[in-house]
Amino acid sequence: MRHGRRDGPDLAVETTLVLRTVFRQPLRQTEGLVGSLLALMGLDLPVPDHTTLSRRARTLAMPPHARTAIGPVHLLVDSTGVKLSGPGERLVEKHDAQRRWAWRKLHLGVDAETGTIVASTLTGKEVDDAAELGLLLEQIDAPHTAVIADGAYDQDHVYDTVAQHSAGAAVVVPPRATAVPSSLAETHPTQRDRHLQAIAERGRMGWQRASGYNARAGAEGAMSRYKRIIGDTLRSHARSAQKVEARIAVNVLNRMFDLGRPESVRAA
């Protein structure tokens, strides 16, 4: 086991960053953890030092999120805020001062069939949720049967973006309370027009049950798992490293979720 190596393969860097994410440790402590593990296994392998990890995390190429299911995707889309860590937290705690947290927005696409996260992006807090939908869809090669999202995605270009990726895919987004039908609603109703008609006939709760909107709870569950297992704070300071950190965190969460998933078999 050798410390202080200034370079190394991407796999070594990624594996070390994965352990950092799992155990929620700073880079220096993660370097020591990896060194201890290698010593216990009797392996004389170089350990990337914390400065190398910090530098390489900014440019590490991450593969797309793997999808275990086969066939079209029933996609659930949502976003959540994650805080930024940095110098000063100890002083804030010591002096009991109030602090305005800086934060980023994590956008996730969840496969409704498996519950795994199949697409993700990390943006500034000022970025509109609907603006990231196209980038999420581009990460998924399979066609979509439906895209379900909350009212923040009630925008015309959302329907167009989904249609460009998967013609015929259903877009299940609750229209705003002030929404009105389009001018062609009587002759050539859009999906949004049909949602408005269904709400007028059944009420919003009835529309949610009939449209399948309640499946969006799967995205909220993925958000909850992320914050309970991974945490609600990004440890990296550079924007590029934060994106790599979020991508690694999603891969870790998916792996844990797959390992804990029971294999159900229908009894004869």
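Values quoted throughout were computed directly from the atomic coordinates according to the rules given, and no laboratory measurement underlies them. Predicted, not measured: the structure shown is a model, and the values here were computed from it. Using ideal geometry, Cβ is built from the backbone for each residue, glycine included, and neighbour counts are taken over all protein chains shown.
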All other residues with a Cβ under 9 Å from the Cβ of residue 27 taken together, and with Lys, Arg as +1 and Asp, Glu as -1, what is their net charge?
+1
Take residue 170 and residue 264, extend 7 Å from each Cα along the Cα→Cβ direction, and tell me the distance between the two endpoints in nm.
2.0
Of [x] 18.5, 55; [y] 17.5, 53; [z] 22.0, 74, which is the value of Rg and Dmax of the Cα atoms in Å derived from the coordinates here?
[z]
Extension gain residue 197-residue 38, at 0.36 nm per residue separation less the Cα-Cα distance, in nm?
50.9 nm
Assigning unit charges at the beta carbon (Lys, Arg +1; Asp, Glu -1) and nothing else, what dipole magnitude in debye, to the nearest 20, does the chain show about its Cα centre?
1020
So, counting K/R as plus one and D/E as minus one, what does the shell of residues with Cβ under 13 Å around residue 202 add up to?
+2
Once both label points are put 7 Å beyond Cα along the C-beta direction, the residue 209-residue 84 separation in nm becomes 4.6
Give me log10 I(q)/I(0) at q = 0.21 Å⁻¹ for the stretch 73-226, Debye formula, one equal scatterer per alpha-carbon, no solvent.
-1.35
